[in-house]
Amino acid sequence: MPIRCSKCNKAAVTFIRYNGTHLCKDHFIEYFERRVKREFRKQKSKKRLNRIAVALSGGKDSSVALYVTHMIYHKTTEIHAITVDEGIDGYRDKTIAIARNLCKELGVKHHIVSFREHVGKTMDDIAKIENEIGTCTYCGVFRRNCLNRKAKELDADVLVMGHNLDDYSQSILMNFVNADLEKLIRLGPHERVQPGLIPRILPLRMIPEKEVFLYAMLRGLETSLDECPYALSNRKKFRDMINELERDHPGTRHKIVQSYEQIKPLLSKHFPPAELKTCKYCGEPAASSICKACLLKEKLRSD
Ligand code: SF4
Ligand code: ZN
């Protein structure tokens, strides 16, 4: 006898442990999209969005983020997808093909920005260099730089990112454990619009990874389960720890985010956003006269 949906009599496709409900396909999709719409309403600072850029890696999270953004906004707003090609052989090429297909299917304009072009090196080149800076630090800084530059060039009002609840709660906890409260407060969504920085919207930040995966499946979206060969083992530790807590105390991930939301106003007072300068090399916003991406590029040249 199949388990029935808590809202209707159809067969359930999932059990949401943290709120104790069984949901059929239709009610799960409705529940998913309702939360995404709520996050858009909550996070966007402008009433009307004329142009939205979506960071699309082609992984399940960003594919779902583009799909739902398109579903909600395609009638009123121009949508562009930006894919950053970091140059990770055997990994990124597969997800770029998925990204391309999805954009074609949805009729969304697709832009590919490559590290080779913007940084002068691929991540495969950078990963071979041994220094005190981690591979993912280079990748994260260069990716943010590429995305912001392209979103600005497109004159986008916001940049949509696909971070799910698992990613988001891990980032919060990692910054706590590293006592990096300044970085913690800079996690999106951004409340204050900084000149030169396209505000980020994270519509999936309250949705667990498994639910994003289920939604992708139910909507028939092509996804890749491959993991980047340079993925940090450090983050994996936090993922395992939070998963264990969630297993014993359902709702832990939501509570981590709720706690962060509660202390955010206090932290914002203590660490007000820096008055940004303009990088003398690339023109991007920077804390000093040279932005982090250009500093790292210099370091790569000197190593
Ligand atoms: Fe880049 Fe690290 Fe993510 Fe791989 S795991 S895509 S190297 S940030
Ligand atoms: Zn720069």
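The values are calculated or read from the model by the stated rules, or taken from the named source; none is laboratory data. Nothing here was measured: the structure is a model prediction, and the numbers come from that model. For neighbour counting, all protein chains shown are included, and Cβ atoms are generated from backbone atoms with ideal geometry for every residue, glycine included. Heavy atoms of the whole protein, side chains included, go into the accessibility calculation; ligands, DNA and RNA do not. Shrake-Rupley method; radii C 1.70, N 1.55, O 1.52, S 1.80 Å.
When the range 1-39 is examined, which residues are found to be open to solvent by 50 Å² or more (accessible area, probe 1.4 Å) and either in contact with a Gly (Cβ under 7 Å, 6 or more places away or on another chain) or among the charged types (D, E, K, R) (or both)? Scanning the range 1-39 gives Arg4, Lys7, Lys10, Arg17, Tyr18, Lys25, Asp26, Glu30, Arg34, Lys37, Arg38. The set of residues in the range 7-59 being within 30 Å of Phe142 (Cα to Cα) and part of a strand (DSSP E or B) consists of Arg51, Ile52, Ala53, Val54, Ala55. Cβ-Cβ contacts under 7 Å between residues 6 or more apart (or on different chains), taken from a first residue in the range 266-279 that is under 16 Å from Leu187 (Cβ atoms) and touching a residue at least 40 places away in the same chain (Cβ under 8 Å) to a second residue that is surrounded by 13 or more Cβ atoms within 10 Å (Cβ to Cβ) and among the β-branched types (Val, Ile, Thr), are listed as Leu267/Ile185; Ser268/Ile185; Phe271/Ile185. Just to be sure before I move on: is Arg200 basic (Lys, Arg), under 17 Å from the mean Cα position of the chain (by Cα), open to solvent by 80 Å² or more (accessible area, probe 1.4 Å) and within 25 Å of Ile126 (Cβ to Cβ) in the structure I sent? Here the answer is no, as Arg200 does not meet what is asked. Restricting the range 104-134 to residues that are in contact with a Phe, Trp or Tyr (Cβ under 8 Å, 6 or more places away or on another chain) and open to solvent by 40 Å² or more (accessible area, probe 1.4 Å) leaves a set whose member that is nearest to ligand 2 (Cβ to nearest atom) is His118. Counting only helices (runs of 4 or more DSSP H) wholly contained in the range 92-148, the ones carrying 2 or more residues that are more than 21 Å from Tyr281 (Cβ to Cβ) occupy 92-106, 123-127.
Yes/no matrix, rows are residues, columns are (1) free of Cβ contacts under 8 Å to residues at least 24 places away in the same chain; (2) over 26 Å from Phe115 (Cβ atoms):
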position	(1), (2)
Cys228	no, no
Arg239	no, no
Leu245	yes, yes
Asp248	yes, yes
Tyr260	no, yes
Ser288	yes, no
Arg301	yes, no
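All of (1) part of a loop (DSSP other than H, G, I, E, B); (2) open to solvent by 30 Å² or more (accessible area, probe 1.4 Å); (3) of a type in the set (A, V, I, L, M) hold for Leu173 with one exception: (1). Summed over the range 60-87, the residues that are more than 16 Å from ligand 1 (Cβ to nearest atom) and among the basic types (Lys, Arg) give a count of 1. Here Glu298, Glu275, Glu246 are screened, and the one residue that is within 16 Å of ligand 2 (Cβ to nearest atom), acidic (Asp, Glu) and either within 28 Å of Gln194 (Cβ to Cβ) or touching a Phe, Trp or Tyr at 6+ places or on another chain (Cβ under 9 Å) (or both) is Glu298.
All conditions but one from (1) in contact (Cβ under 8 Å) with a residue 12 or more places away in the chain; (2) open to solvent by 20 Å² or more (accessible area, probe 1.4 Å) apply to Gly220; the one that does not is (1). Residues that are closer than 20 Å to Lys152 by Cα and away from ligand 2 (no atom under 16 Å from the Cβ) are absent from the range 258-270. Restricting the first member to the range 115-131 and to residues that are closer than 19 Å to Lys150 by Cβ, and the second to residues that are more than 16 Å from ligand 2 (Cβ to nearest atom) and among the hydrophobic types (A, V, I, L, M, F, W, C), the beta-carbon pairs closer than 6 Å and six or more apart or on different chains are Met123/Ile88; Met123/Cys139. Glu246 meets the conditions (1) over 17 Å from Asp167 (Cβ atoms); (2) among the acidic types (Asp, Glu); (3) crowded, with 18+ Cβ neighbours inside 10 Å in every case but one. The failed one is (1). Selection over the range 130-160 of residues that are among the aliphatic types (A, V, I, L, M) and within 13 Å of ligand 1 (Cβ to nearest atom) gives a count of 3. If the condition is being open to solvent by less than 10 Å² (accessible area, probe 1.4 Å) and in contact with a Pro (Cβ under 8 Å, 6 or more places away or on another chain), then the range 40-87 contributes Phe40, Ala65, Val68, Thr69.
Scan (1) in a helix (DSSP H, G or I); (2) under 15 Å from Ala55 (Cα atoms); (3) within 16 Å of ligand 1 (Cβ to nearest atom); (4) of a type outside the set (Asp, Glu) for the single condition His163 breaks and write down its number. Going through the list (1) in a helix (DSSP H, G or I); (2) under 15 Å from Ala55 (Cα atoms); (3) within 16 Å of ligand 1 (Cβ to nearest atom); (4) of a type outside the set (Asp, Glu), His163 breaks only (1).
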